[in-house]
1. Regarding Arg133, is this residue closer than 24 Å to Ile254 by Cβ and at pLDDT 80 or above?
2. Could you list all residues from the stretch 257-289 that are open to solvent by less than 10 Å² (accessible area, probe 1.4 Å), modelled with pLDDT of 90 or more and not aliphatic (A, V, I, L, M)?
3. Of everything in the stretch 195-237, what is at pLDDT 85 or above, of a type in the set (Asp, Glu) and loosely packed, with under 14 Cβ neighbours inside 10 Å? Give them in sequence order.
4. Among (1) over 30 Å from Arg82 (Cβ atoms); (2) at pLDDT 70 or above; (3) more than 23 Å from the chain's Cα centre (by Cα), there is one condition Ala294 misses while meeting the rest; what is its number?
5. From the list Ser101, Ser119, Ser127, Ser51, exactly one residue is among the hydroxyl-bearing types (Ser, Thr, Tyr) and more than 30 Å from Met249 (Cβ to Cβ). Which is it?
6. Conditions first: (1) of a type outside the set (Ser, Thr, Tyr); (2) part of a helix (DSSP H, G or I); (3) open to solvent by 20 Å² or more (accessible area, probe 1.4 Å). Ile15 passes all but one, so which condition is the exception?
7. Of all residues in the stretch 318-335 being modelled with pLDDT of 85 or more and loosely packed, with under 13 Cβ neighbours inside 10 Å, which is farthest from the chain's Cα centre (by Cα)?
8. Has the stretch 59-80 got any residue that is modelled with pLDDT of 90 or more and either over 28 Å from Leu315 (Cβ atoms) or open to solvent by 80 Å² or more (accessible area, probe 1.4 Å) (or both)?
Amino acid sequence: MPIIFRYLFREYAKIFVMCFTGLMTIYLVIDFFEKVRRFLSFDAGWLDVLSYFALKIPGISFQIIPLAVLMATLLTLGLLSRNNEITALRSCGISLPWIASPFLTFAIMMTFVLLLFSSTIIPLATSKAEEIRVIFIEKKPPSAVLKLPQPWTRVDADSLLHVTSVARGGDALAGVQLFHFDHNFRLIDMTEAQEAHYADRTWTLHRGFQRRFRADGSVTLSEFDRKPITLALLPSDFTGGLAGEPEMMTFHDIWESRNRLYAHGSQFARLLTDYYGRIAFPLVTVIMVLVGIALSLRRSGIRGGSMAIGIGQALLVGFLYWAAHSIAIAFGRGGVLPPVVAGWLANVLFTSYGLYLMLKLRY
């Protein structure tokens, strides 16, 4: 039995490498010719251009590995069925779940690879690639001001923060407005400042004023030149999740921000949704293997059906998974679904579908 396992595993790995290499080559060639003319217009050096594309490989691999796993499953089972090897294995008393075990083992290995990419390698590589593109290829100055796609954020249980723009390092804010509410969501305090700077673990507002709204309807106004404030957010929060770039944050950075902000009553739905989604997505390799095996064996080889139909059905399932996962993530970012539900919803649905197909498979 170990000999058969190694044989199936080796054949599956060989076909996966061919599929992965082909998809990676097509992706890089298209991406290269799409961007190289623009890069050369900046008189960029070839070393910088090649470094940029090399750093993009982990992110590209994260996208195409599930498709390569699906294609390898379909092609391997198709070849085994065409050569009557599955029939020979079944006649020796080997069950289909055991025949599928090498494929599932390989898929689990790919899951750990994708998880490593998603947690650490892709954020670091993507961040470095953008640095090379902006500074070395397009030759823009390293210091720049960025606009937040979502300038409003809840910073604790009863406070809202609005920021107009943020320095790229995240330690300087412009156009700051801080609103405090009571338990009945009545505005009791509003602070506005032209700038806010972070130094010595403290945020300090510069050149602003503070309004206090009393219960009797009166308002008091006080101006200040400098005013320290307590704020749970750090500069990294403004350059990560609030800047709309959580994919450039490692799992450690996201979870550290989550724990710190949760302790202050903050809501960080977008960041947590992307976190759970990035944990759940690597398991798509196992899901694609389950669905691919079931559909292939139902339509090909042992049942005499059309392999093309099985391939079409499996590719359709892959597209539906991606669509369901994207929609669930969008609902989680918008607060319609809890982040953990949004991240795992597509996996739960399609794992159930794959197991159902496997159980309905007759042999």
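The values are calculated or read from the model by the stated rules, or taken from the named source; none is laboratory data. Because the structure is a prediction, the values reported are computed rather than measured. Note that each Cβ is placed from the backbone with ideal geometry, even for glycine, and that neighbours are counted across all protein chains shown. Accessible surface areas use protein heavy atoms only, side chains included; no ligands, DNA or RNA. Shrake-Rupley method; radii C 1.70, N 1.55, O 1.52, S 1.80 Å.
1. yes
2. Passing the criteria: Pro282, Thr285.
3. Hits for the stretch 195-237 are Glu223, Asp225.
4. Every condition holds for Ala294 apart from (1).
5. One residue alone meets the criteria, Ser101.
6. Unmet for Ile15, out of (1) of a type outside the set (Ser, Thr, Tyr); (2) part of a helix (DSSP H, G or I); (3) open to solvent by 20 Å² or more (accessible area, probe 1.4 Å): (3).
7. Result: Ala323.
8. No, every residue in the stretch 59-80 fails to be modelled with pLDDT of 90 or more and either over 28 Å from Leu315 (Cβ atoms) or open to solvent by 80 Å² or more (accessible area, probe 1.4 Å) (or both).
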